[in-house]
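Since the structure comes first, as structure tokens, the remarks are kept for the end.
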Ligand code: NAD
């Protein structure tokens, strides 16, 4: 069955992989991203492959912009049935150097951005009596990690939001799960490596039990399952896609 799916951060990395995967199974996919041109290019590519897709520029921290983007999706495809929230920003500073402004921005995008998107689409799902929500959190929120208290706190909030919403929405046919990935080889990971803020995709791969870094398709495969009818009894879960990473 073709569903209407929105994927935030869908123009790059994990979100792009998820957009491709959902489009390939026949969903109508809205690619939402702050990089509007990249979102439109991604949608063009999906359409060239035979899918129905639209690309929209939106900053998920801007509530009004989120509401008007979701309205545009409804006009294009109808009521929204699936939401995947992959839009996010990385940050690394020693705890004592985190400015109020940086803290606020990381929380605004990673946590409030997730809230903005989900609160805007959940009424569609309640009306339909069916919905699938997958948030992208981070394994760092399960393990902790150095110099990323703001990022990790934001992702911990995403996990907690996911678990709380799962309970609220379960009686309505809506599942809410989170994927907390470990290192996935994406433009974000490559930029962090280039900036010297993280040991590198290959170095992490060497100490990952499966001996490789993840790729967006690894996350997309798990996400597609969570967005299926078959996953209706799975909710409130943290589905690690991490190659056995245990730190
Ligand atoms: P990425 O940078 O390749 O993609 C993120 C996308 O989000 C980009 O297209 C970017 O433009 C978009 N975005 C950023 N801020 C936005 C905003 N305010 N509004 C709308 N769109 C915005 O990164 P990625 O590695 O694919 O990361 C995707 C998600 O996975 C992020 O939430 C990230 O924190 C999380 N994550 C990534 C890794 C990893 O190793 N790559 C590990 C754990 C968690």
Prolate/oblate/rounded call for the range 163-247, Cα gyration tensor, a/c under 1.5 rounded: prolate
Rounded if a/c under 1.5, otherwise prolate or oblate - the chain, Cα gyration tensor axes: rounded
Structure-based [θ]222 nm, the chain - -39500 (n - 2.57) summed over DSSP H runs of at least 4, per residue, nearest 500: -14000 deg cm²/dmol
0 to 90° range, to nearest 10: angle between helix 63-77 axis and the chain longest Cα axis: 50 degrees
Mean Cα-pair separation over length for the range 130-247, i.e. relative contact order, pairs under 8 Å, 6 or more apart, %: 34 percent
Zone residues, the range 203-247, relative to residue 160, backbone N less than 19 Å from point 7 Å out along Cα-to-Cβ: 236-239
Exposure proxy ranking, count of Cβ atoms within 10 Å, fewest first, for 127, 224: 127, 224
Neighbour-count order for 125, 1, fewest beta carbons within 10 angstrom listed first: 1, 125
Using alpha-carbon coordinates, inclination of helix 216-226 to the longest axis of the chain, degrees: 50 degrees
Cα long-axis angle, helix 36-48 against the chain (0 to 90 degrees, to the nearest 10): 60 degrees
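Bear in mind that the values in this text are calculations on the coordinates, not laboratory data. Computed from a predicted structure; not experimentally measured. Cβ: placed from backbone, ideal geometry, glycine included. Neighbour counts: every protein chain shown.
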